[in-house]
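Trainee: Structure incoming, see below.
The values are calculated or read from the model by the stated rules, or taken from the named source; none is laboratory data. What you see is a predicted model, and the numbers here were worked out from it, not measured in a lab. No Cβ is skipped: glycine too gets one built from the backbone with ideal geometry, and neighbour counts run over all protein chains shown.
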Amino acid sequence: MDVVSSQQKLRKYGDLTMRLGYYLKVFGQMAKLALATILEYRVDAVVRSFYMFAYISGTLLLINTVFTQTNFLGGFDYNEIMLMYASMMVMWALMETFFFDGFKYFVLYDIRNGDFDKTLIKPVNPLFLLSISKFRIESALIGVVMMCVFLYYASLNLSSITFVSAVIYLGFFILGIYIHYRVFTCYASLAFFMTKASQALRTLQSASDQCFYPTIIYPWPVGLVFFTLLPIALAAYVPVSFLLNRGSFLLLGGTLLVAIGSTLLSSYLWKMGLQQYSSASS
Amino acid sequence: MPQSSRTPIISIQGLKKYFKVYRKEPGLWGSIKSLWHREYEEVKAVDDISFDIYPGEVVGFIGQNGAGKTTTLKVLSGLLYPSEGQVSVLGYNPWDRKPEFQKQFALVMGQKNQLWWDLPAMETFLLNKAIYEIPTAQFGKTLDKLVDLLDVRDILNIQVRKLSLGQRMKCELIAALLHNPKVLFLDEPTIGLDVVMQKVLRDFIKQYNKEFGATIILTSHYMDDVKELCERAIIIDKGHKIFDGRLQSIIDKYARNKILSLVFGEKVSSKELAKYGQVKELGEDGTALTATLLVPRKHAAKTAAKILEKFPVQDVNIEEPPIEAIIREVFQTKNN
């Protein structure tokens, strides 16, 4: 009996590894195609990168302006706020590189034109395929630059960082990406039910501009929105708070609750949306 | 083998697919009114259709625009959930969308494409290789065969956006067939193509069916596609099935006339000819006169004999009317 059950476990483990290998292979192939497409339009990629760097410079200018008036924001000094900003931008760059455009195109075009058909008939998870259908490799460049900025400000805050807090930070960072993916899925699922779902995605993206500051500086209803409906706080404030050993059980519990809530809600909305999908006339 | 003794590969029983749409009154007031009050109505895209399709069959799905052809294909391929009814394709419930099922069929829509627009078609083929988990050896072999059959080796590495419509359609077919699907749904695959390219694709589909034994459902507005490829046709109108059988039996059932094409040695009176049938055309062709007559099917041979006796006929030909005309007749009969 034990032999049989351990064999079953092995087979299950083997299947899981194979599925992971399969998804990585598809992911790799999609990345190759995306890179090849970007190389077809080199000038576009360069212009977009320039625009993004200009945008980041503007935000940095704003932070510096704020800190000419005060030394602390929500109990965090300039170096710590910069750490939060860099952390958020690394997460943003990762999402932008791998799945934001996929969701955006899905919401804007795929559902209304019925182009989702070609994704839905493929023998692969359609949510996975659509989310990685548009890579923006140039955003990865931003990610690398912001990672350097993050490491620089982390080195300035070394006195507050321990090995354990760094590991916890990493865990929250990954959880933050997961929650964002789930929240994006919720917003994208709205496209099955309404034609202007793109507004919701745009709101999510533009709200991120305001959310690298500590949630504590906002009135509590706004903070709650940044934590739940637009969980940008999870990209910057929460992980960095834990990195600087200033995390709390409230933040931990809240993050886990949002993770569970977003998983359940996105699964439900996506499933309902697929049932609702009516394609488009040919 | 008689169909009844085989297991159908596709089975549809009482399929219904209704869509809810709302009617908006025209103008600005209609738009404002629709903010608080919307009148919804149910559109019956497919209404109680049943049929079985057997392995290796090539079935033509015929109907006017909006008859429910594409909706049926979308339900069969699992894109849409039916409102009611039982559907089984390859033993699967299509809308469960199981990968094992999805690896065994392909859907090609003439008006939509899966090829990556900015890259050569070969890149999409490689992506499909990864998605469908096609072993490298099998991929190479199938690709070689399809490329040869469709004669597209020269264009495989040219960006899709630079290909002609016909070349693109050929590459679409290859992308859809790389995993050797057992069932193939073709939704107007020849739409917009010139007659030469239509013929090339028809020959390919015929060859593919022969070589791989694939079951094919084809919708097309070009009756040549249906005539050349399908032995069996299913006609649907406004969501209802109105005919299911051999293409020849549509002709037998609905064609009331045959066409008599005549070439005369000297001029003949159209009044005299009209006694034998409905004169459709009368004209001069070189030195001889030609005429086309519609005569009742049952008496076509007798009428021809009488005309041969009475007129200086040099040549005579008895033909079935074009299938397009017969199908038109079917729809008119049903609508009346």
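Trainee: Kindly evaluate B:ASP203 against the criterion of being surrounded by 14 or more Cβ atoms within 10 Å (Cβ to Cβ) and either of a type in the set (Phe, Trp, Tyr) or closer than 17 Å to B:PHE331 by Cβ (or both).
Mentor: no
Trainee: Let me ask another. I'm trying to understand the selection: among the residues of the range A:257-282, which are part of a helix (DSSP H, G or I), free of Cβ contacts under 8 Å to residues at least 12 places away in the same chain and either more than 30 Å from B:LEU80 (Cβ to Cβ) or within 14 Å of another protein chain (Cβ to nearest Cβ) (or both)?
Mentor: Within the range A:257-282, A:LEU257, A:ILE260, A:LYS271, A:GLN275 meet the criteria.
Trainee: State whether one or more residues within the range B:298-307 are modelled with pLDDT under 90 and more than 25 Å from B:ILE323 (Cβ to Cβ).
Mentor: No, the conditions are met nowhere in the range B:298-307.
Trainee: OK, next. Please determine, by comparing only the residues of the range B:35-84 that are among the aromatic types (Phe, Trp, Tyr) and out of contact with any helix residue (DSSP H, G or I) (no Cβ under 9 Å at 6 or more places or on another chain), which one is farthest from the other protein chains (Cβ to nearest Cβ).
Mentor: If we take residues in the range B:35-84 being among the aromatic types (Phe, Trp, Tyr) and out of contact with any helix residue (DSSP H, G or I) (no Cβ under 9 Å at 6 or more places or on another chain), then B:PHE51 is farthest from the other protein chains (Cβ to nearest Cβ).
Trainee: Here's a follow-up. Inside the range B:222-248, can you point out the residues that are under 14 Å from B:PRO322 (Cα atoms) and in contact (Cβ under 8 Å) with a residue 24 or more places away in the chain? Give the steps one after another, and end with the answer.
Mentor: Of the range B:222-248, the ones under 14 Å from B:PRO322 (Cα atoms) are B:222-228, B:247-248.
Listed by number, the residues that qualify are B:TYR222, B:MET223, B:ASP224, B:ASP225, B:VAL226, B:LYS227, B:GLU228, B:LEU247.
Trainee: Something else about it: Just give me the residues in the range B:213-225 being surrounded by fewer than 17 Cβ atoms within 10 Å (Cβ to Cβ) and in contact with a helix residue (DSSP H, G or I) (Cβ under 9 Å, 6 or more places away or on another chain), in sequence order.
Mentor: Once the filter is applied, which keeps residues that are surrounded by fewer than 17 Cβ atoms within 10 Å (Cβ to Cβ) and in contact with a helix residue (DSSP H, G or I) (Cβ under 9 Å, 6 or more places away or on another chain), the range B:213-225 yields only B:ASP224.
Trainee: Give the residue that is modelled with the highest pLDDT, with candidates limited to residues of the range A:1-34 that are of a type in the set (A, V, I, L, M, F, W, C), within 25 Å of A:LEU129 (Cβ to Cβ) and exposed (fewer than 12 other Cβ atoms within 10 Å of the Cβ). Let's see the steps before the verdict.
Mentor: Going through the range A:1-34, the residues of a type in the set (A, V, I, L, M, F, W, C) turn out to be A:1, A:3-4, A:10, A:16, A:18, A:20, A:24, A:26-27, A:30-31, A:33-34.
Next, from what is left, pick out any that are within 25 Å of A:LEU129 (Cβ to Cβ): A:16, A:18, A:20, A:24, A:26-27, A:30-31, A:33-34.
Okay, now just the ones that are also exposed (fewer than 12 other Cβ atoms within 10 Å of the Cβ), so A:16, A:18, A:20, A:24.
Details: A:LEU16: 75, A:MET18: 78, A:LEU20: 87, A:LEU24: 92.
Among them, the one singled out is A:LEU24.
Trainee: A further question follows. From the set of residues in the range B:229-256 that are at pLDDT below 85 and touching a helix residue (DSSP H, G or I) at 6+ places or on another chain (Cβ under 8 Å), which is surrounded by the fewest Cβ atoms within 10 Å (Cβ to Cβ)?
Mentor: Step by step, filter the range B:229-256, then rank; the result is B:ARG256.
Trainee: Take B:GLY91 and decide whether it is on the phi > 0 side of the Ramachandran plot and either in contact with a helix residue (DSSP H, G or I) (Cβ under 7 Å, 6 or more places away or on another chain) or more than 8 Å from chain A (Cβ to nearest Cβ) (or both).
Mentor: Yes: the conditions hold for B:GLY91.
Trainee: If I ask for residues that are in contact with a Gly (Cβ under 9 Å, 6 or more places away or on another chain) and assigned to a helix (DSSP H, G or I), which ones from the range A:241-256 would you list?
Mentor: Listed by number, the residues that qualify are A:SER241, A:PHE242, A:THR255.
Trainee: Does the range A:24-43 contain at least one residue that is away from chain B (no Cβ under 14 Å), assigned to a helix (DSSP H, G or I) and touching a residue at least 40 places away in the same chain (Cβ under 8 Å)?
Mentor: no
Trainee: Right, here's the next one. Anything in the range B:287-324 that is assigned to a helix (DSSP H, G or I) and in contact (Cβ under 8 Å) with a residue 40 or more places away in the chain? List them, or say none.
Mentor: Answer for the range B:287-324, where residues must be assigned to a helix (DSSP H, G or I) and in contact (Cβ under 8 Å) with a residue 40 or more places away in the chain: B:ARG297, B:ALA300, B:THR303, B:ALA304, B:ILE307, B:ILE323, B:GLU324.
Trainee: Restricting to the range B:128-157, name every residue that is part of a helix (DSSP H, G or I), under 29 Å from the mean Cα position of the chain (by Cα) and at the interface with chain A (Cβ under 9 Å from one of its Cβ atoms).
Mentor: Selection gives B:ASN128, B:LYS129, B:ILE131.
Trainee: Further, regarding this structure: Could you tell me whether any residue of the range B:185-198 is within 14 Å of chain A (Cβ to nearest Cβ), surrounded by 16 or more Cβ atoms within 10 Å (Cβ to Cβ) and of a type in the set (Gly, Ala, Ser)?
Mentor: No, the range B:185-198 has no match at all.
Trainee: Of all residues being among the polar types (S, T, N, Q) and part of a helix (DSSP H, G or I) in the range A:198-230, which is modelled with the lowest pLDDT? Just the residue, please.
Mentor: This residue is A:GLN210.
Trainee: From the residues in the range B:14-61 that are in contact with a Cys (Cβ under 9 Å, 6 or more places away or on another chain) and of a type in the set (Val, Ile, Thr), which one is farthest from B:ARG202 (Cα to Cα)?
Mentor: B:VAL59
Trainee: Considering only the range B:167-204, state which residues are part of a helix (DSSP H, G or I), over 14 Å from B:ASP151 (Cβ atoms) and at pLDDT 90 or above.
Mentor: Of everything in the range B:167-204, those that are part of a helix (DSSP H, G or I), over 14 Å from B:ASP151 (Cβ atoms) and at pLDDT 90 or above turn out to be B:ARG168, B:GLU172, B:ALA175, B:ALA176, B:LEU177, B:ARG202.
Here is a yes/no grid of residues against (1) surrounded by fewer than 17 Cβ atoms within 10 Å (Cβ to Cβ); (2) free of Cβ contacts under 8 Å to residues at least 24 places away in the same chain; (3) of a type in the set (Val, Ile, Thr); (4) within 23 Å of A:ARG19 (Cβ to Cβ):
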position	(1), (2), (3), (4)
A:GLY74	yes, no, no, no
A:ASP77	yes, yes, no, no
A:GLU80	no, no, no, no
A:MET89	no, no, no, no
A:LEU94	no, no, no, yes
A:ASP101	no, no, no, no
A:VAL107	no, no, yes, no
A:ILE111	no, no, yes, no
A:THR119	no, yes, yes, yes
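Trainee: B:TRP117 is checked against (1) of a type in the set (Phe, Trp, Tyr); (2) closer than 21 Å to A:ALA36 by Cα; (3) more than 9 Å from every other protein chain (Cβ to nearest Cβ) and fails just one. What number does that condition carry?
Mentor: (3)
Trainee: For B:TRP29, which of the numbered conditions (1) in contact with a helix residue (DSSP H, G or I) (Cβ under 9 Å, 6 or more places away or on another chain); (2) hydrophobic (A, V, I, L, M, F, W, C); (3) more than 13 Å from every other protein chain (Cβ to nearest Cβ) fails to hold?
Mentor: Status for B:TRP29: all satisfied but (1).
Trainee: A further question follows. Which number in (1) at the interface with chain A (Cβ under 10 Å from one of its Cβ atoms); (2) in contact (Cβ under 8 Å) with a residue 24 or more places away in the chain; (3) surrounded by fewer than 19 Cβ atoms within 10 Å (Cβ to Cβ) marks the one condition that B:LYS112 misses?
Mentor: (2)
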